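The values are calculated or read from the model by the stated rules, or taken from the named source; none is laboratory data. For clarity, every value in this text was computed on a predicted model and none was experimentally measured. Quick reminder, even Gly has a Cβ in these numbers, built from the backbone with ideal geometry, and neighbours come from all protein chains shown. Areas reflect the complete protein model, heavy atoms only, side chains present, ligands, DNA and RNA absent. Shrake-Rupley method; radii C 1.70, N 1.55, O 1.52, S 1.80 Å.
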Amino acid sequence: MKKLVILDGNSLAHRAFYALPLLTTTTGLFTNAVYGFTNMLQKVVRSEKPDYLAVAFDKGGVTFRHLDYEAYKAHRKGTPEELRPQFPLIKKILRALRIPILEAEGYEADDLIGAVVKTAEAGQIETLIVTGDRDMLQLVTEKTKTLITRKGISELERFTKEGVKERYGVEPEQIPDLKGLVGDPSDNIPGVPGIGEKTAVKLLQEFGSIENCLDHLEELPKKVGLLLKTYRDQAILSKKLATIDSDVPVTFHFSDLVVCQPDYEELVSAFQELEFKTLLKNMQPELPALNTITSPGQKSSRLIKEPRELLPVVARIKEAGRVAVSIDRASLPPLRAPLVRLGLAWGEEASATVELSPQPGLRNEMLSCLGEILSDPDCAKWCHDAKAEIVTCARHGVDLRGITADTMLAAYLLNPSSSNPTLEEISLKYLNQVLTFSGSEHTAPGERALAIYTLWPVLDAELQAAGIFPLFRDLELPLSAVLARMELTGVRLDVGQLKEMSREFGLQLQALIEEIYDLAGCSFNINSPKQLGHILFEKLKLPVIKKTKTGYSTDAAVLEELALYHDIAGKLLEYRQLTKLKSTYIDGLQNLVNLETGKVHTTFNQTITATGRLSSTEPNLQNIPVKMELGRKIRRAFVPSTPGWLILAADYSQIELRILAHMSQDESLLEAFRRREDIHTRTAAEVFGVAPEDVSPDLRRRAKGVNFGIVYGITDFGLARDIGVSREEAHAYIENYFYQHPGVRKFIQETIELARERGYVNTLLKRRRFLPDILSSNRAVRAFGERTAINTPIQGSAADIIKLAMLRIDHALREKGLQARMLLQVHDELVFELPPAEIPVLVPLVREGMEKVMELRVPLEVEIKIGPNWYDLVKVEEYNA
């Protein structure tokens, strides 16, 4: 028997909208309903494998039910503004999938589905209705079943004829009678007041229908009979409103509903517009060859295994003056990847994969030949993730130079919300093509190189059009080489120091555990939330602050509040902090030491954060604790790689507040920084109305919270939580701050207005961040977008400035031939190692490189410290003394 699957478009779209968080593209399109609907559709089609397929939608406007009963669905809220524009997008995807869309003026989707089901049953076609609306259960028969959404859209429950009767106590065709008696608040169907579901089911089991009940009023219980007699017309109307009209005057043929292949080109375009990366990735195996980028053939994308085959390729690349390079790293990070195969492309139909011989002599010969182009700065190299290619090549003795293009960096700058964009994603976005490899895995690097070669001119034009090519050319691309050198250099760890710290922390933890057991009056598993909840709230009878689905909450916020009631809470917080420090940093760092170099080699990521800040992974060396003294001591294990050398750390002083002063041109802030005043003390004096000399440490702490809170667009609630005051006090502090700094208030207002107008904000170096949330009708989402609009230009500009400083300092280090090396960038701080003899040269070099890197309306200031490790540092002035 043939199978039909028909979906209730409106019902499923609404279900998906409310089941998923509000999602948007970088251009501001709302997509959560589209994404959820499409996922559900694909899931059903894959599992059911229908012969016929269709989706029914409400046409909108007045239906025959409104004519019968004006209040039908009257109390329902209108379609959310974030959902309304998603219906055309859903239909666009359906058209690309070549799935018929059914609509009829004056009728609801339910009625269209009823008409289709009626025709299908007459034609001996098995039908499955997919919906979130239980009204559809009335259509269930031996040949027709329903799938009803549960838990939003995450689950689908199948109903057969027997299943409906078991669940509701009536036959499927009696569902309208049931609603006629009980009513349906969701559709504003009144029913019969006073008759509940149990009574209604009993009546229908005995009499079959409302009409039959009305014909036998004298046989009914007195009260029920009176109710039905009183509300006779309302009961019949309610049943009519709940009944699906299967006689819709719509003409269709099942030949039009036959499942067919999608329009892949349109589907790729739609998924790309909506930024559905996962859906695009999942559909790639299904795409026909005409929609893919593949190598043009063995003639232009060939496998090279010997030096004699490589010579003519190198000659052609020299003649072309440019080459796209793609190294096959076997899915390993650059710091551990082999150099076995690499792809080269020097023309639109000219690419090759070079497979290096395992024989040392031939391998060296091939590397030497490749070096003629890879190390030639005058031969332009185009890459995807140039930093990774530099690191991989350097580890195998190849100096990769002359890089002028990086498709990953370019795509990131064009859309910073898309972190670490892959070559496949970029090809889809900018070429509307799916990148697949038609040859064997041995030729894939050549095909990837060909994709890079095809992509770069397109991305180049996009960067130029957006006005951010200088940011790419002058900052991000050259910085990738600096970061590559830092990753290769690594940082030496004193493993003995870490082992000693691990032992000390272990002893402290054991002592803490004993204290916790004493306070609890028994021993228990401290790491078990269930056991801990029992101790705190049942044994010790502490107040329950918060509950979760699985029991009592014992998170940090709860423990901080409980610390007011019992000492055990403070000890538990201390235990967790120590455990985290020991496992993640002290023991964890030891496991990440490279056995060949004796160092840890982090990876600096340029394409992760939307603000342009660098991040650090495997290990994250930007996250070494600094707030706790015990945590800070971990830095003592970071030592110079050469005995007798020193560590130098240079930290920008309040760079984000200085950028705020520059951008806002607030006279009070400008004056404070120009006079080199302590900005937090001055703010405390202004906000709290005291003389500067009377500012206490606590007032300065609160002022610091206000200063940095303003940069991050903090609310009175957030400030109250951060500095430990009431919400009213926090609100007063913020208002007083803006009274004292009208330029800052004006800057914030104008920045938000401009972001709404353009859809994005800029940093000082024209880095863009798109802000679709700022136009949301959801107040919380819009407020987040506004805070992001305030913070991004400031934090992003700080990131730009320190990156620019890194470039200049790196250039100066190499130009002067210094032994000193840049090791780390930790947001506003740069860390170096150096021989003591170079202190007189490096200190002014670093200071000038950081303080004179950009001309602002206020001076940039840097604090420089020196010491034998990253912890035991003193100011350079004191060190020299």
- Would you mind calculating the gained length between Gln577 and Leu226 on full extension (0.36 nm times residue separation, minus the Cα-Cα distance), in nm to one decimal? 119.4 nm
- Please give the length that would be gained between Arg779 and Glu105 if that part of the chain were fully extended, namely 0.36 nm times their separation in residues minus their C-alpha to C-alpha distance (nm, one decimal). 239.2 nm
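Please compute the per residue accessible area over the range 715-820 with all protein chains in place, 1.4 Å probe, rounded to a whole number of Å². Don't skip to the answer; put the middle values down first.
Working: 5100 Å² over 106 residues.
I get 48 Å² per residue for this part.
Quick one: with all protein chains in place, what share of the accessible area of the range 185-238 is carbon or sulfur, to the nearest percent (1.4 Å probe)? Walk me through the numbers on the way to the answer.
On the way: 1680 of 3180 Å².
The nonpolar share, carbon plus sulfur, comes to 53 percent.
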- Using only the C-alpha atoms of the range 575-625, find the volume of their convex hull and express it per residue in Å³. 83
- Message: If I compute solvent accessible area with a 1.4 Å probe over the protein chains, what percent of it on the range 78-117 is carbon and sulfur?
- Response: 51
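Just for the chain, what percent of DSSP beta bridges are antiparallel, to the closest 5? Let's see the in-between values first.
Details: 50 of 79 bridges.
About 65 percent, rounded to the nearest 5.
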- Just one of (i) 32.9; (ii) 30.7; (iii) 29.3 is Kirkwood radius over Cα pairs in Å calculated from these coordinates, so which is it? (i)
- Message: Using the Cα centre of the chain as origin and beta-carbon charges of +1 (Lys, Arg) and -1 (Asp, Glu), tell me which of Leu804, Leu648, Leu564 is placed farthest towards the positive end of the dipole.
- Response: Leu648
- Query: When averaged across all projection directions, what area in nm² does the alpha-carbon convex hull of the range 747-821 cover?
  - Reply: 6.1
- Item | Distant-in-sequence amide H partners of Leu824 (H built 1.01 Å from N, under 5 Å) | Val831
- Task: On the full set of protein chains, 1.4 Å probe, figure out the accessible area of Phe673 and give it in Å² to the nearest 10.
- Result: 0
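Using only the Cα atoms of the range 121-205, what semi-axes does the equivalent ellipsoid have when each is the square root of 5 times a gyration tensor eigenvalue? Give whole Å, largest first. Please report the intermediate quantities before stating the final value.
Working: eigenvalues 110, 51, 26 Å².
One finds semi-axes of 24, 16, 11 Å for the range 121-205.
Provide the FRET efficiency to the nearest 0.05 for the Gln665-Glu815 pair, computing r from the beta carbons and using R0 = 30 Å.
Numbers: r = 36 Å, r/R0 = 1.20.
The value I calculate is 0.25.
Only Cα pairs under 8 Å and at least 6 apart count here; give the relative contact order of the chain as a rounded whole percent.
Numbers: 1478 pairs, mean separation 84.8, N = 881.
Dividing the mean separation by the residue count of the chain yields 10 percent.
Return the Rg/Rh value of the range 641-789, two decimal places, where both radii are evaluated on C-alpha atoms and Rh is the Kirkwood radius.
Details: Rg = 17.7 Å, Rh = 17.0 Å.
For the range 641-789, the value is 1.05.
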- Might you report the magnitude of the Cβ-based charge dipole of the range 496-556 about its Cα centre, with Lys and Arg at +1 and Asp and Glu at -1, to the nearest 20 debye? 420
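For the range 312-379, what does the convex hull of the Cα positions come to per residue, in cubic angstrom? Please list the in-between numbers first.
Working: hull volume 6.6 nm³, N = 68.
Roughly 97 Å³ of hull volume per residue.
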- For the chain, find the longest principal axis of its Cα atoms and tell me its angle to the long axis of helix 9-19, 0 to 90°, nearest 10. 40
- Pairing the Cα long axis of helix 386-395 with the longest principal axis of the chain, what angle in degrees results, from 0 to 90 and rounded to the nearest 10? 50
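Rounded to the nearest 500 deg cm²/dmol, what is the calculated helix-only ellipticity per residue at 222 nm for the chain, with -39500 (n - 2.57) per DSSP H run of length n ≥ 4?
Values: 36 runs with 417 residues, N = 881.
Computed ellipticity for the chain at 222 nm equals -14500 deg cm²/dmol.
Based on the Cβ-Cβ distance from Glu81 to Ala122, what FRET efficiency comes out when R0 is 51 Å, to the nearest 0.05? Write down the numbers at each step before the final one.
Values: r = 42 Å, r/R0 = 0.82.
Here the calculated transfer efficiency is 0.75.
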- Å² of accessible area per residue within the range 643-696, as computed with a 1.4 Å probe and no ligands counted: 39
- Message: Tell me the angle of helix 307-320 to the major Cα principal axis of the chain, expressed in degrees between 0 and 90 and rounded to the nearest ten.
- Response: 90
- 3J(HN,Hα) from dihedral phi, the range 553-561, Karplus parametrisation 6.51/-1.76/1.60, rounded to Hz, x for glycine, proline: 7, 10, 6, 4, 4, 5, 5, 4, 6
- Integer Hz, Karplus 6.51/-1.76/1.60 couplings in order for the range 135-143, x for Gly and Pro: 4, 5, 4, 5, 8, 5, 9, 5, 9
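Between Gln508 and Ser269, how high is the FRET efficiency from 1/(1 + (r/R0)^6) when r is the Cβ-Cβ distance and R₀ = 60 Å? Nearest 0.05. Walk me through the numbers before you get to the answer.
Details: r = 60 Å, r/R0 = 1.00.
Computed FRET efficiency for Gln508 and Ser269 comes out at 0.50.
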- Message: Applying a 10 Å radius around every beta-carbon, put 450-462, 221-233, 742-754 in order of their mean neighbour count, most first.
- Response: 450-462, 742-754, 221-233
- Task: For the range 549-698, with all protein chains present and a 1.4 Å probe, just round the carbon and sulfur fraction of the accessible area to a whole percent.
- Result: 50
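Mind ordering 546-556, 36-46 by average Cβ neighbours within 10 Å, highest first? All intermediate terms of the calculation are to be shown ahead of the outcome.
Details: 546-556: 12.7, 36-46: 18.9.
Per-residue Cβ counts within 10 Å, averaged per peptide and sorted highest first, yield 36-46, 546-556.
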- Message: Viscosity 1.567 mPa s, temperature 4 °C: what is the translational diffusion coefficient of the range 151-292 from Stokes-Einstein with a Kirkwood Rh over Cα pairs, rounded to a whole number of µm²/s?
- Response: 67
- For the cross-link pairs Lys49/Lys240; Lys151/Lys179; Lys202/Lys223, which exceed 26 Å when the distance is taken from alpha carbon to alpha carbon? Lys49/Lys240
- Message: Give me log10 I(q)/I(0) at q = 0.12, 0.23, 0.25 Å⁻¹ for the range 800-859, Debye formula, one equal scatterer per alpha-carbon, no solvent.
- Response: -0.27, -0.95, -1.09
- Query: When the Kirkwood radius is taken over all Cα pairs of the range 192-258, what Stokes-Einstein diffusion coefficient follows at 20 °C and 1.002 mPa s, in µm²/s?
  - Reply: 154
- Between Glu629 and Lys240, how many nm apart are label points set 7 Å from Cα along the C-beta direction? 8.3
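Which whole number in µm²/s is D for the range 771-877 by Stokes-Einstein, with the Kirkwood Rh taken over Cα pairs at 25 °C and 0.890 mPa s?
Values: Rh = 16.1 Å.
Here the translational diffusion coefficient equals 152 µm²/s.
Accessible area per residue for the range 535-622 in Å², computed with a 1.4 Å probe and the full protein assembly in place, what is it?
50
Would you mind putting 724-732, 614-622, 126-134 in packing order, based on average other-beta-carbon counts within 10 Å, highest first? Intermediate results must be reported in sequence, preceding the final value.
Numbers: 724-732: 14.9, 614-622: 17.3, 126-134: 22.3.
Most protected by this proxy first, the peptides run 126-134, 614-622, 724-732.
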